[in-house]
Amino acid sequence: MTKNKFFVALLFFLSLSVLVLAQDMKPDAGKLYNEGNALLKNGDADGAVKKYDAALNIEKDYRIYYQKGIALKKLGKLEDAKNSFEECIKLNKDFEGALNALGAVYFGMGNYQAAIDNFNKILNSSANNGVKSKVKKNISLAYAKLGNDALSGGSAEKGIEYLKKSVENDNYDAAYLSLAKVYSELGKWDESIDAAQNALKFRSKISRGGPYFYMGISYRGKGDIAKAKEMFKQAASDPTYKKTAEYELSQTK
């Protein structure tokens with residue numbers, strides 16, 4: 001999943017809970033708030049922000065700040081969206097929608113640890129198991145980003161630490177695949193095979209070739225040539241890994 005698709009998904013599952021009539025706001029603020037919601041629903045995020053700003057000039061309500069943050073996010077103004085969500089949380093520190101949305105903004109800004117910190121606040125406060133499950137998926141994705149960034153920076157130990165936290169929160173197939181790869185590079189054959197098997201078991205987005213490829217590398221490292229060849233043949237059936245797997249198969253004697 002790309003960062004942008006993930007970002008949208010994070011905001012979706014809690015954002016609708018705030019789109020309610022504003023009977024308990026001051027009448028003029030509530031009217032502007034509802035007009036802003038209608039504009040946002042119709043795709044006019046810029047117009048919605050103007051309505052929310054006008055409403056906030058009348059009344060500082062957490063729901064107005066929240067919807068303004070959603071509109072700013074749609075405009076790609078992440079810093080402004082962050083500020084709006086933070087104002088929302090100041091007024092209602094336990095509002096899960098804003099905590100989730102702020103975590104999503106931090107993710108979009110590449111600040112994955114801050115995203116995780118916000119998501120954890122929801123886990124600590126929410127009694128809704130469905131919300132907790134979705135938030136744990138978000139945490140898993142953020143830890144996977146930290147893990148892969150650490151690996152790219154040359155820190156295998158830190159990368160493994162983050163990737164293990166990723167799969168502890170959710171059985172994220174791509175995190176298991178990253179673990180299979182780094183373990184194979186470190187010569188930790190059994191750990192690599194176990195991670196690759198889990199990548200296949202919980203496969204959702206990744207292709208089949210990757211797990212089989214790293215199992216091939218690891219079985220060859222263990223000296224099980226027959227099993228390694230079997231895995232490389234499986235990997236070669238995946239167009240993404242075909243050439244690499246066929247080469248490794250030719251080198252496996």
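A short reminder: the numbers here are calculations on the coordinates, not readings from a lab. Everything numeric here is computed off the predicted structure, so don't read it as measured data. Note that each Cβ is placed from the backbone with ideal geometry, even for glycine, and that neighbours are counted across all protein chains shown.
Assorted remarks:
- Net dipole in debye of the chain [+1 Lys, Arg Cβ; -1 Asp, Glu Cβ; about Cα centre; nearest 20]: 600 debye
- Karplus-derived 3J(HN,Hα), 6.51/-1.76/1.60, for each residue of region 168-179, Hz, glycine and proline x: 5, 7, 6, 7, 7, 4, 5, 5, 4, 5, 4, 5
- Shown in residue order for region 196-201 are the 3J(HN,Hα) couplings computed by the Karplus curve 6.51 cos²θ - 1.76 cosθ + 1.60 at θ = phi - 60°: 5, 5, 5, 4, 6, 4 Hz (x for Gly and Pro).
- Stretchable slack from Thr240 to Lys253, in nm (0.36 nm times residue separation minus alpha-carbon distance): 2.3 nm
- Computing Kirkwood radius over Cα pairs in Å for the structure here picks out one of [x] 20.2; [y] 17.4; [z] 19.2, namely [x].
- Signed unit charges on C-beta, dipole axis of the chain, positive-most listed residue Tyr106, Asn129, Ser166: Ser166
- Distance between region 57-102 and region 175-197 - C-alpha centres, whole angstrom: 41 Å
- For region 207-221, backbone phi angles converted through the Karplus equation (6.51, -1.76, 1.60; θ = phi - 60°) give residue-by-residue couplings of 7, 6, x, x, x, 5, 4, 6, 5, x, 4, 6, 5, 5, x Hz, Gly and Pro being listed as x.
- Given Lys164/Lys229; Lys132/Lys188; Lys136/Lys188; Lys82/Lys136; Lys93/Lys205, the pairs whose alpha carbons are separated by over 23 Å: Lys164/Lys229; Lys132/Lys188; Lys136/Lys188; Lys93/Lys205
- Sorting the segments 31-41, 165-175 by their mean number of nearby beta carbons within 10 angstrom, highest to lowest, gives 165-175, 31-41.
- Across region 104-253, the mean sequence separation of Cα contacts (distance under 8 Å, 6 or more residues apart), normalised by length, yields a relative contact order of 14 percent.
- Estimated inter-spin distance, Asp44 and Ser125, nm [label 7 Å along Cα→Cβ]: 3.3 nm
- Residues whose amide H falls under 5 Å from that of Phe95, counting only those 5 or more places apart or on a different chain, are absent, with hydrogens built in the peptide plane.
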